[in-house]
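Written out below as structure tokens is the structure these notes cover.
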Amino acid sequence: MPRVSVIIPTYDWSEVLPYSIGSVLRQTMDDLEVLVVGDGCTDDSEQVVEAIGDPRVRWYNADRNHRDQAVVNQWALENARSPVVSYLNHDDLYLPHALESMLASIDAGATCCHGIVYMVVLDSRPLLGSTTADGFDPGHWMSPSGVMHTLDAGLEVGGWKRRIETGEVPQEELWNRLLRAGHEFVPVPRVVSVKFPAAWRPNLYTDRPSHEQEAWTKRILDEPDLERTLMADLLRHYSRDAVITPGRAFQALQARARGLLTRPLKGRKRRKEIEHWKRVQEYKGLDPRAPGDDAST
């Protein structure tokens, strides 16, 4: 039985998969499995995954595109072979110590934890892939690419639920349910992943670039002090103190959640959120219809 199952949801962007999967396989621990789960992929993602040729990597593809990662994440959760799961977006990258660092918190008794995610924003200063680094609270946003939890905790609260069912962003909706069930998110004071937010990169799913993942993979391989560099970048951005301390710099950062909502929405507010979601999907080059807009969903 592997120590941890890493879940990578994907849809029709095979070019980035060798980089994200590779960042998992280069971890400082090798007792793991990778569940690459396609949301009805129609490109060559399956062939790209199979070409990696590592028995620790498993492929699953949904029978159709649900336009919601919650569906395939839930399949992976129910089919994971490890008592611990973590998540990595298909275009993001783990630093080599990511799993070992987060597992230390789980081994110490935590049921949920999250590391620091370094978010690469084009033509701008770096941002945190969360709005907190001192534990997750309702109202915050937190990228899955820095989250780990026990399998039992995830299944106990019902796992991933579709946006059309809850009216909420699936990831924060799950984090909130975990919190309400008594599962505190323990912060891991390490930079564990590099995130490339798709919402700020137009036409990704039509152009399907991978040059950023290629360049950052080279940095991860070639720069032994990369984590120190990334942490320094974040601290320079977020700390106004003359003496920079991580404890101060990562308290309630980016109070705005950039429109990502963590409470059920009704009426006009829910329609407004769905319209925002459609615009973001179209900007990325994806089907702009909201989940549930067609009879097949």
Query raised in the report: Val194 fails exactly one of the following numbered conditions: (1) at pLDDT 90 or above; (2) farther than 20 Å from Pro18 by Cα. What is the number of that condition?
Result: (2)
Report summary line: Within region 160-191, of all residues that are part of a loop (DSSP other than H, G, I, E, B) and either modelled with pLDDT of 95 or more or under 17 Å from the mean Cα position of the chain (by Cα) (or both), the one surrounded by the fewest Cβ atoms within 10 Å (Cβ to Cβ) is Gly182
**Report entry** Checking Val157 against (1) over 13 Å from Val147 (Cβ atoms); (2) surrounded by 14 or more Cβ atoms within 10 Å (Cβ to Cβ); (3) touching a residue at least 40 places away in the same chain (Cβ under 8 Å), the condition it does not meet
**Finding:** (3)
**Report entry** Selected residue (only one of Ala76, Ala70, Ala108, Ala80 is over 16 Å from Pro197 (Cα atoms), surrounded by fewer than 19 Cβ atoms within 10 Å (Cβ to Cβ) and of a type in the set (A, V, I, L, M, F, W, C))
**Finding:** Ala108
Report summary line: Per the list (1) under 20 Å from Ala198 (Cα atoms); (2) buried (at least 24 other Cβ atoms within 10 Å of the Cβ); (3) not charged (D, E, K, R), residue check on Cys113 breaks on (1)
Query raised in the report: In region 116-135, how many residues are in a loop (DSSP other than H, G, I, E, B), surrounded by fewer than 24 Cβ atoms within 10 Å (Cβ to Cβ) and not polar (S, T, N, Q)?
Result: 8
**Report entry** Subset of region 141-154 (residues that are among the polar types (S, T, N, Q) and touching a residue at least 60 places away in the same chain (Cβ under 8 Å))
**Finding:** Thr150
Query raised in the report: Taking region 123-143 as the search range and keeping residues that are farther than 12 Å from Val194 by Cβ and in contact with a Pro (Cβ under 9 Å, 6 or more places away or on another chain), which one is modelled with the lowest pLDDT?
Result: Ala133
Requested in this report: Just name the residue that is nearest to Met29 (Cα to Cα) out of those in region 147-203 that are among the charged types (D, E, K, R) and in contact with a His (Cβ under 8 Å, 6 or more places away or on another chain).
Outcome: Arg190
Report task. Determine, yes or no, whether Val36 is closer than 22 Å to Leu174 by Cα and of a type outside the set (Gly, Ala, Ser). Result -> yes
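Every residue, every condition in (1) closer than 17 Å to Trp13 by Cβ; (2) more than 16 Å from the chain's Cα centre (by Cα); (3) at pLDDT 95 or above; (4) of a type outside the set (A, V, I, L, M, F, W, C), yes or no:
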position	(1), (2), (3), (4)
Glu50	yes, yes, yes, yes
Gly53	no, yes, yes, yes
Tyr60	yes, yes, yes, yes
Leu77	no, no, yes, no
His90	yes, no, yes, yes
Leu93	yes, no, yes, no
Leu99	no, no, yes, no
Ala108	no, yes, yes, no
Query raised in the report: What do you reckon, is Gln47 touching a helix residue (DSSP H, G or I) at 6+ places or on another chain (Cβ under 6 Å) and polar (S, T, N, Q)?
Result: no
**Report entry** Total residues in region 22-47, condition surrounded by fewer than 19 Cβ atoms within 10 Å (Cβ to Cβ) and hydrophobic (A, V, I, L, M, F, W, C)
**Finding:** 2
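The values are calculated or read from the model by the stated rules, or taken from the named source; none is laboratory data. None of these values were measured; they are calculated from a predicted model. Don't worry about glycine lacking a Cβ; one is built from the backbone with ideal geometry, like all the others, and counts go over all protein chains shown.
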